[in-house]
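No value in this document is a laboratory result; all are computed from the given coordinates. Note that the structure is predicted; figures quoted are calculated from it, not measured. Cβ sites come from the backbone with ideal geometry, for glycine too, and all protein chains shown count toward neighbours.
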Amino acid sequence: MDELVATLRAARHVAVMTGAGASAESGIPTFRDAMSGLWSRFDALELATPEAFARDPALVWGWYEWRRMMALRAQPNAGHRAIAAMAAKVPRFTLITQNVDDLHERAGHDAVLHLHGSLHRPRCSVCALPHVSPPEIPAEPRNGRRLAPPACHRCGGPVRPGVVWFGEILLERTLRAAQLAAGECDVFFSVGTSSQVYPAAQLPQIAQHAGAVVVQVNPDRTALDDSARHNLRGQAGEILPRLVRAAWGDEATAAAS
């Protein structure tokens, strides 16, 4: 920890990538967790495809509204707040996430690279016009309920969730910005991610090849264990506040609370 604290204090650019584990600590199930109630009749991996939306848009839209409701009811946890505190202490900071919620934004970040899109940025499935979702928490769709998607204000096409589905490519400018940050940072954190989903899993490798110190925060072993300089075993909400306090004192985490 002493070596990492010294490295962090001297860093000019820190990049952090978070995965499903970071949001799971706020009560948001990971994508592969079993779905509850009537949703357990469906396979999440089959609902998250363009083909599923084309086949049954009301079913897919209802599921994503249920997920958006869960995300809006969740609150940023100590890990999110510690990352925000870290961002305020280093000269340059890049936050990359594989998560589709807005917990990082609500923890204080205004520039988050969402590799897999966002539940809160739906768009027309035909003309791609952004659709503004109501800011309030939606009424909870019944589990398994079909909920017709709204119509696009411009062309009338069905609005789709603003996420990246299986079989779709990541937004090029977002991926490129993440790759540049990984190649330019001094320290790269991989937090709560399995390091199995590409191209996100390639980012720590880019950072390491460029000479950055790679730090993994995860309660479980992953494919990154053998190459990360530091493996901090545990939940982000426990590990990251301790690290921020060790580097910059209690006032750093208090400011982000």
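Each other residue within a Cβ distance under 12 Å of ALA236 adds +1 if Lys or Arg and -1 if Asp or Glu, for a net charge of +1. Among ARG154, ARG106, ARG12, the largest mean-square fluctuation in a Gaussian network model of the chain, built with springs joining Cα atoms closer than 10 Å, belongs to ARG154.
Counting Lys +1, Arg +1, Asp -1, Glu -1, what net charge surrounds HIS109 among other residues with beta carbon under 12 Å of its beta carbon? Taking every Cβ under 12 Å from that of HIS109, the sum is -1. Looking at the chain, the DSSP beta bridges with both ends there are about 20 percent antiparallel. Sequence-distant contacts, meaning Cα pairs under 8 Å at least 6 residues apart, place the relative contact order of the stretch 213-254 at 32 percent.
Which residues in the stretch 69-98 have a backbone N closer than 18 Å to a point placed 7 Å from the Cα of GLU184 along the Cα-to-Cβ line? Counting backbone N atoms under 18 Å from the label point, the list is 87-97. With K and R counted +1 and D and E -1, the other residues having a Cβ less than 15 Å from that of GLN208 yield a net charge of -3.
Ordering 193-204, 49-60 by mean Cβ neighbour count within 10 Å, with the highest value first, yields 193-204, 49-60. Per-residue ellipticity at 222 nm from helix content only, as computed over the chain with -39500 (n - 2.57) for each DSSP H run of at least four residues, stands at -10500 deg cm²/dmol.
Using alpha carbons only, how many degrees (0 to 90, rounded to 10) separate the axis of helix 172-184 from the longest principal axis of the chain? It is inclined by approximately 10 degrees. Among HIS131, HIS104, HIS80, the largest mean-square fluctuation in a Gaussian network model of the chain, built with springs joining Cα atoms closer than 10 Å, belongs to HIS131.
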